[in-house]
Amino acid sequence: MIRPLIAGLFVFLIASSNALAQSCTGNPVAVQILGSGAPGFVKERANTSYVLWIGSQAKILVDAGGGSYVRFGQAQAKFSDLSMILVSHLHPDHVSDVPAVLWSGRMTRSDSLPVIGPSGNEAAPSFSTFLNRLFDEKTGSFQVLGSIMPGGTGNGVRLDASVVDVTKQEPTTVFDRDGIKVTALGIPHGNLPTLAYRVETQGRSIVFSSDQNGTNPRFPEFARNAKLLVMHLAIGVGANNPNQALPAVVGRVAQSANPGRLVLSHIAQFDLDAAVADVKKSYTGPLTVGADLQCTQVQ
């Protein structure tokens, strides 16, 4: 009896994953969380990653932290459908699966793929330097992926990399074609250059806040009236971490931005109920606590 039970459980788990994945297709616009966890081996949560679906296609991949490669497949997303990859910053929990995603998708398309990331400083290289250190065909850590770099030899995708100056006070337009407009804004996350992104498509706006401590007074305006705002709830009530916004700060920033719906993600190991309650003391709008493979339609 044990083997049939195990087989049945396996089929159930596969069916459940497929059901979650299928729920994101067929919507005009939807956001699927591939990874909702922060660093620290958070049970059942992969590291940070999101997919923006337009119709039946996964069009934008935002970050690719550890575990997102697996979730990308579980979501039934196709690398060939992507219009771009957006990277918020270079902490490993946001970029460690970038090589795996590119390795698996490199031969599924022949056009160039825009990839966008932050400028550098003393704490981190610029995004273009980061890519060169990974994939240069002579000196890169993954020389086998040298063909994806500009000037690389061989068939398959080429990366079209752009670097955004995080020190600019005003948002930067990083993509505007095919009915999709993306702007980026530098946000404070310790000493690591970090970007928030706003995507506008089909009359809807989505903002991915990434990691930040909530002290940039321009961010609420950047996120103003977004139909969906994804913010990171990385620390609990009373935590001492100047790199991340406390739950009460998340609530105040979200309330000022006035989104159609707030989705909380990048969740670590703390009292989640207490943290969400603290968010709600300031934020009075619709709220969703994120989970891996969760799909939210953008109304």
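Overview of values
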read-out: Residue in the range 118-130 that is most open to solvent (accessible area, probe 1.4 Å), counting only those that are in contact with a Pro (Cβ under 9 Å, 6 or more places away or on another chain) and either within 20 Å of residue 183 (Cβ to Cβ) or not in a loop (DSSP other than H, G, I, E, B) (or both); value: 121
read-out: Restricting the range 154-171 to residues that are within 20 Å of the chain's Cα centre (by Cα) and under 30 Å from residue 108 (Cα atoms), the residue that is surrounded by the most Cβ atoms within 10 Å (Cβ to Cβ); value: 164
read-out: Candidate set from the range 202-213 (those that are in a strand (DSSP E or B) and open to solvent by 10 Å² or more (accessible area, probe 1.4 Å)); member that is nearest to residue 245 (Cα to Cα); value: 205
read-out: Any chance residue 104 is in a helix (DSSP H, G or I), open to solvent by 40 Å² or more (accessible area, probe 1.4 Å) and closer than 20 Å to residue 180 by Cα; value: no
read-out: Exclusive hit being of a type in the set (A, V, I, L, M), in a loop (DSSP other than H, G, I, E, B), free of Cβ contacts under 8 Å to residues at least 40 places away in the same chain and open to solvent by 10 Å² or more (accessible area, probe 1.4 Å), set 226, 239; value: 239
read-out: Given (1) in contact with a strand residue (DSSP E or B) (Cβ under 6 Å, 6 or more places away or on another chain); (2) touching a residue at least 24 places away in the same chain (Cβ under 8 Å); (3) among the polar types (S, T, N, Q); (4) not in a helix (DSSP H, G or I), number of the condition residue 155 does not satisfy; value: (1)
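The values are calculated or read from the model by the stated rules, or taken from the named source; none is laboratory data. Predicted, not measured: the structure shown is a model, and the values here were computed from it. As a convention, Cβ positions derive from the backbone with ideal geometry for all residues, glycine included, and neighbour counts pool all protein chains shown. Surface areas here come from the heavy atoms of the whole protein model, side chains and all, with no ligands, DNA or RNA. Shrake-Rupley method; radii C 1.70, N 1.55, O 1.52, S 1.80 Å.
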